[in-house]
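The values are calculated or read from the model by the stated rules, or taken from the named source; none is laboratory data. Everything numeric here is computed off the predicted structure, so don't read it as measured data. Methodologically, a virtual Cβ is constructed for each residue, glycine included, from the backbone with ideal geometry; neighbour enumeration extends over all protein chains shown. For the accessible areas, the whole protein counts, side chains as well, though only heavy atoms, and no ligand, DNA or RNA atoms are used. Shrake-Rupley method; radii C 1.70, N 1.55, O 1.52, S 1.80 Å.
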Amino acid sequence: MSLDNNARTAIRIGIVGYGNLGRGVEAAVARNPDMVVAGIYTRRDPAQIEPMGASVPVHGMDSLPGHKGSIDVLVLCGGSKDDLPRQSPELAAHFSLVDSFDTHARIPEHFAAVDAAAQAGRTTALISAGWDPGMFSINRVMGEALLPDGATYTFWGKGLSQGHSDAVRRVPGVAGGVQYTIPVDEAVAQVRSGVRPALTTREKHRRECFVVLEAGADAEAVRKAIVTMPHYFDEYDTTVHFIGAEELAREHGAMLHGGFVIRSGNTSQESKQVIEYRLQLDSNPEFTSSVLVAYARAVHRMQQAGQWGCKTVFDVAPGLLSPRSAAELRAQLL
């Protein structure tokens, strides 16, 4: 497979944060021969980080500004609640980047902040990449465009949500925890039948949390803080289970997830059509990382073309994600 002109030189990726998502990004870059990890940047002691690649350098976050000339695209691997709202605008002023900001209700304000920084810095910054927002977003747009007389439904899970689990762990009094998103079976069956039910957020999903308390923490206060958290839990039936650290490690270490987007509609009075896009993931962070890395390729190409400012998945042509040339795509995948 040959690479087009924009991909002949390895794209230098900087990884900001080295948790589950950061490790997934390193693994994904290793599977893309047109990319290389230029460095990992962490708020922890760099000496405590052991990257998968023995030759991958690890640096403290404070060294990042001095490495501007040696990085093509940063992939930000922090959380959406506290990290990305601050990091993405700050770094977009100096670096092209991709983030996975997933607080849907706050995407417009996040876009505005990142766009102002990227326009001023003449960088390209793509926000909210992943599978939702991201791949599911594209399928929602496609469904509406193809079936204008219809309704779109998005279901997540059953699976462990990284963003919601991170939000749970940031609640005062929580030592550890995870959150599962679970579709309501009756709602899924209705939608797949082609019926267009009017479903509330609460009728489509429920949420289940497994939490380890810090010593002396007030369980009821923690439970209330979780179930009333805006944008995360307040619109859902949420159950909080308090468990021990050993049970958390033993029973809740896997990161399976998935979901589906369904568009049901009519192309005539007699003809009912249903479109479904589905994901079944053994590892939520590894798949999300793979999406981020593909969009990092697109960001690099857009930056080279002078397409500055903040972008979303709606602004990226599918061909820009692939290492294949346009001629190869036409010949082999069209």
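Some observations on this one:
- Of all DSSP beta bridges in the range 68-218, antiparallel share, percent nearest 5: 75 percent
- Exposure check, 1.4 Å probe, all protein chains in place: Lys272 carries approximately 120 Å² of accessible surface.
- The residues of the chain expose on average 47 square angstrom of accessible surface per residue, using a 1.4 Å probe on protein heavy atoms.
- This model, with +1 at the C-beta of Lys and Arg and -1 at the C-beta of Asp and Glu, gives the range 1-104 a dipole about its Cα centre of some 100 debye.
- With contacts taken as Cα pairs under 8 Å and at least 6 residues apart, the range 144-271 reaches a relative contact order of 37 percent.
- Look at the alpha carbon pairs under 8 Å that are at least 6 residues apart: their mean separation over the length of the range 241-289 gives a relative contact order of 37 percent.
- Percent carbon-and-sulfur accessible area, the chain, ignoring ligands, DNA and RNA, probe 1.4 Å: 51 percent
- Its relative contact order, with pairs defined as Cα atoms under 8 Å and 6+ residues apart, puts the chain at 22 percent.
- Check: the range 182-293 dipole with +1 on Lys, Arg Cβ and -1 on Asp, Glu Cβ, in debye: 580 debye
- Taking the average, over residues, of other Cβ atoms within 10 Å as the packing measure, peptides 116-123, 57-64 rank 116-123, 57-64 from highest down.
- Only DSSP H runs of four or more residues enter the estimate; each adds -39500 (n - 2.57), and after division by the residues of the chain the mean residue ellipticity at 222 nm equals -10000 deg cm²/dmol.
- Distance violations [Cα-Cα > 25 Å] among Lys272/Lys311; Lys81/Lys311; Lys204/Lys311; Lys204/Lys272: Lys272/Lys311; Lys204/Lys311
- Probe 1.4 Å - accessible area at Trp131, Å² to nearest ten: 20 Å²
- If the Kirkwood radius is taken over C-alpha pairs of the range 101-145, then at 10 °C and 1.306 mPa s the Stokes-Einstein diffusion coefficient equals 138 µm²/s.
- Placing unit charges on each Cβ (+1 for Lys and Arg, -1 for Asp and Glu) gives the range 171-263 a dipole about its Cα centre, and among Gly216, Phe260, Phe233 the Cα reaching farthest toward its positive end belongs to Phe260.
- Put a dot 7 Å past the Cα of Ser55, heading toward its Cβ, do the same for Glu220, and the two dots end up 6.1 nm apart.
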